[in-house]
1. On the first, second and third principal axes, largest extent first, how far apart are the outermost C-alpha atoms of region 61-131 in Å?
2. Can you give me the convex hull volume of the Cα atoms of region 1-56, divided per residue and expressed in Å³?
3. Give, in whole angstrom and from largest to smallest, the semi-axes √(5λ) of the equivalent ellipsoid of region 122-212, with λ running over the eigenvalues of the Cα gyration tensor.
4. Determine the dipole magnitude for region 30-125: charges of +1 sit on the beta-carbon of Lys and Arg, -1 on that of Asp and Glu, nothing else is charged, the reference point is the Cα centre, and the result goes in debye to the nearest 20.
5. Region 30-69: D in µm²/s via Stokes-Einstein (Kirkwood Rh, Cα pairs, 20 °C, 1.002 mPa s)?
6. How big is the Cα convex hull of the chain in projection, averaged over all directions, in nm²?
7. Taking Cα centroids, how far is region 1-65 from region 148-183 in Å?
8. Take peptides 21-27, 175-181, 54-60 and line them up by average Cβ neighbours within 10 Å, highest first, as a rough protection proxy.
Amino acid sequence: MTTDFDRALRSLRVWDTALPAFDPAGAPPEPLALFHDWFTAAVAAGQSEPHTPFLATADEDGRPDVRVVMLHGADARGWHFASHSTSAKGRQLAARPEAALGFYWPVQGRQVRVRGRVATGTPEEAYEDLHARTTGALAAALVGRQSEVLDSPETLAEASAAAWRRAEAEPDAPAPTWTPYTIEPDEVEFFQGDERRRHVRLRYRRAPSSPDGWIRELLWP
């Protein structure tokens with residue numbers, strides 16, 4: 001029996017727009033420059049929240065987990081995000097310090113995938129990261145207890161109100177468990193969709209023996 005869900009699912013189209021061309025022959029020798037180019041192009045094209053990738057981790061038993069995070073930067077060190085060390089993702093990264101990021105920008109039919117080991121930032125970097133953000137971000141960090149069981153919405157409302165009052169009264173207040181993380185990439189893949197399904201996939205693999213430190217490979221779509 002066909003359900004409303006089935007009909008809705010089959011009615012959807014992918015990339016119902018003109019897609020940009022991507023010639024991998026002209027790609028730079030390392031992935032960061034291409035990521036910066038694609039990111040700024042996504043912003044210019046009106047992509048909603050291009051800075052919110054999926055973060056995949058695994059727990060100590062190897063079970064996968066995934067959620068959306070906010071990108072805090074991308075530079076020569078790697079791709080940066082932050083969370084509480086006591087959260088589910090923080091505990092998973094402590095047990096298995098490897099992760100993957102997945103960016104999807106459908107306005108241009110593009111994906112970027114980043115995989116590698118995860119390094120933890122210093123307390124000084126954590127303080128700078130947190131206090132460079134908004135009062136709301138600080139208040140949310142001061143609430144803490146991310147991923148713990150919540151007994152009621154009222155408890156959250158009370159804790160949030162108290163955190164907002166503190167954040168406004170003490171803009172330099174610390175959040176001890178707030179932790180910056182950096183994915184130091186071993187692989188970065190760029191995917192450009194094509195209307196005729198001749199998708200272009202360019203993968204960079206870390207190769208210290210290479211002059212540029214990376215090997216570029218095309219992949220079958």
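Values quoted throughout were computed directly from the atomic coordinates according to the rules given, and no laboratory measurement underlies them. These numbers come from a predicted model, not from an experiment. Because the Cβ atoms are built from the backbone with ideal geometry, glycine has one as well, and the counts that use them run over all protein chains shown.
1. 38, 33, 19
2. Given the Cα convex hull of region 1-56, per-residue volume reads 171 Å³.
3. 40, 20, 12
4. Computed about the Cα centre, the dipole is about 220 debye.
5. Numbers: Rh = 12.1 Å.
The calculation lands on 177 µm²/s.
6. Working: hull surface 66.6 nm².
Here the figure is 16.6 nm², rounded to one decimal.
7. Measuring centre to centre over Cα atoms gives 31 Å.
8. Per-residue Cβ counts within 10 Å, averaged per peptide and sorted highest first, yield 175-181, 54-60, 21-27.
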